[in-house]
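Here the structure comes first, spelled out in C-alpha cells, and everything after it is commentary.
The values are calculated or read from the model by the stated rules, or taken from the named source; none is laboratory data. Here the structure is a predicted model, which means the values were calculated and not measured. As a convention, Cβ positions derive from the backbone with ideal geometry for all residues, glycine included, and neighbour counts pool all protein chains shown. What goes into the accessible areas is simple: the full protein's heavy atoms, side chains included, and nothing from ligands, DNA or RNA. Shrake-Rupley method; radii C 1.70, N 1.55, O 1.52, S 1.80 Å.
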Amino acid sequence: MARDARIAKTNALRELDAAGIAYTAETYQVDDGIPGRDYGVHVAELLGHDPDSSFKTLVAVTPRGGHVVCCIPAAAELDLKKAAAAAGEKSLALMHVRDLEPVCGYARGACSPIGMKKRFPTLIDETALLFDEIGISGGKRGLALRLSPDDVVSFLGATLSDICREEV
C-alpha cells in the first residue's frame, strides 16, 4: 500500500512525470466483490484516506457525441444537470461502460482524468480545494494517486464547479 518504485507506468504516471508534477502512488489489493458504486469509498478506506478527498472519474456524453470528464468525491453522486450547466451543454448522459476503454483508454474502475487517449473538457467538484491533496485513479485497478488538487486543475485546464447531487 505504500509507494513502490517498481510500479508499471500507466499513461497517467507518464504524463505527470513529464509535467514534473509531484504525486504519491499507492497500490492496493483489488477486490472484485465490492459493487462499482462503492468501490472508490472502499479503496479510500483501504488506503487510510478520507473518502471525501478521494475522487472518482466519470465520463459523460453530450447530445452531439462529445465527452466531458467529471471528477467527484468517491461517496458522492454526479448531478448531470449541474454538470451540463458547468460544461455549457444542454444535457449530459453517463457514458456506457462498454465505451469507456475505446474512448478513454481506461477500463471501469481504473479511469483517471489524466492520461486519457484524448484530452476532454474536465469538471472537478469544487470540494477538491478543501484538501491539500486528493486521490484519483492511477490508470489501472490497484493503483491510486495522491496529489495537489491545484496541480490537477492546472494540468487538465479543468473547471471547478458544484457538480454533485445534493444529499436528501
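Contact order, relative form, for the chain: 27 percent (alpha carbon pairs under 8 Å, 6 or more residues apart, mean separation divided by residue count). Charge dipole of the chain (Cα centre as origin; +1 on each Lys and Arg Cβ, -1 on each Asp and Glu Cβ, all else neutral): 900 debye, rounded to the nearest 20. If you fit an axis through the alpha-carbon atoms of helix 36-46 and take the longest principal axis of the Cα set of the chain, what angle between them do you get, 0 to 90°, nearest 10? So the helix axis and the longest Cα principal axis differ by about 40 degrees. Restricting the stretch 70-136 to trypsin sites (Lys or Arg not before Pro) that sit in a DSSP loop and have at most 10 other Cβ atoms within 10 Å of their own Cβ leaves Lys90, Lys118.
Which loop-located chymotrypsin sites (Phe, Trp or Tyr not before Pro) does the stretch 38-138 contain, where loop means any DSSP state but H, G, I, E or B and the Cβ has at most 14 other Cβ atoms within 10 Å?
Answer in residue order: no site qualifies.
Find how many whole Å separate the alpha carbon centroid of the stretch 36-80 from the alpha carbon centroid of the stretch 81-113. Here the two parts' Cα centres lie 10 Å apart.
In terms of accessible area, using a 1.4 Å probe and ignoring ligands and nucleic acids, Val41, Val59, Val97 rank largest first as Val97, Val41, Val59. Accessible surface calculations at 1.4 Å, restricted to protein heavy atoms, place the chain at 52 Å² per residue. One way to sum up the overall shape of the chain is the equivalent ellipsoid from its Cα gyration tensor, whose semi-axes run 23, 17, 16 Å, largest first. Applying 0.36 nm per residue to the separation of Thr24 and Val103 and subtracting their alpha-carbon distance, the gain on full extension is 25.8 nm.
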